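Data first, discussion second: the structure below is written as structure tokens.
The values are calculated or read from the model by the stated rules, or taken from the named source; none is laboratory data. The structure presented is a predicted model; accordingly, all values stated were derived computationally and were not measured. Neighbour counts are summed over all protein chains in view; Cβ atoms, including those assigned to glycine, are modelled from backbone coordinates with ideal geometry. Surface accessibility is based on the protein's heavy atoms, side chains included, excluding ligands, DNA and RNA. Shrake-Rupley method; radii C 1.70, N 1.55, O 1.52, S 1.80 Å.
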Amino acid sequence: MLPNRMQLTKTVEEQLKRLKSNTDITPNVSARIAFFRSVESGFTFTESDEKKLDGSLVLDKITWLGETQLITEQVLKLKYPELEGKALQSAWAAHVEDGIAALRNHKSLSEFSKSLI
């Protein structure tokens, strides 16, 4: 399954922090939303897409995933049965990066919430 300590790329981390300053939604919650939006959109991670996870926000997986931990790990294992550990974390990070693209530019919480419908 996913490692206990996880991080994203610096770019995605900056986008999550900017979104927090605009909407007050914490980076871990917006990362969860971004992950599931990406999965719903049909995005598929390939190991050639793998990027260096160099962000400074290193959190445990319980903080990143919260109550969605079990379902997130199950979705990843169903979608990528051959991946384990760090490779699975890279897939999660790629989905967050893909999903945050549609969310990162919102200027208010009300604007953000309308985009989720």
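Quick one: in segment 53-68, of everything that is over 13 Å from residue 13 (Cα atoms) and either touching a residue at least 24 places away in the same chain (Cβ under 8 Å) or touching a strand residue (DSSP E or B) at 6+ places or on another chain (Cβ under 7 Å) (or both), which residue is least open to solvent (accessible area, probe 1.4 Å)? Can you show your working first?
Taking segment 53-68 and keeping what is over 13 Å from residue 13 (Cα atoms), we get 60-63, 65-68.
Those left that are additionally either touching a residue at least 24 places away in the same chain (Cβ under 8 Å) or touching a strand residue (DSSP E or B) at 6+ places or on another chain (Cβ under 7 Å) (or both): 60-61, 63, 65-66, 68.
Working: 60: 56, 61: 24, 63: 55, 65: 3, 66: 24, 68: 37 Å².
This residue is 65.
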Quick test of your reading of the structure: residue 11 fulfils all but one of (1) under 16 Å from residue 102 (Cβ atoms); (2) crowded, with 17+ Cβ neighbours inside 10 Å; (3) of a type in the set (Val, Ile, Thr). Name the failing condition by number.
(2)
Test set (1) open to solvent by 70 Å² or more (accessible area, probe 1.4 Å); (2) acidic (Asp, Glu); (3) closer than 17 Å to residue 98 by Cα - residue 24 fails condition number:
(3)
Which pairs do you get when a residue that is hydrophobic (A, V, I, L, M, F, W, C), found in segment 93-104, comes within reach of a residue that is open to solvent by 50 Å² or more (accessible area, probe 1.4 Å) and outside any loop (DSSP other than H, G, I, E, B), reach meaning Cβ atoms under 7 angstrom, with the pair 6+ apart or on two chains?
94/49; 102/37
Which count do you get for residues in segment 37-52 that are surrounded by fewer than 16 Cβ atoms within 10 Å (Cβ to Cβ) and either within 10 Å of the chain's Cα centre (by Cα) or charged (D, E, K, R) (or both)?
6
Would you point out the residue of segment 47-86, among those that are under 11 Å from residue 6 (Cβ atoms), not hydrophobic (A, V, I, L, M, F, W, C) and not in a helix (DSSP H, G or I), that is modelled with the lowest pLDDT?
55
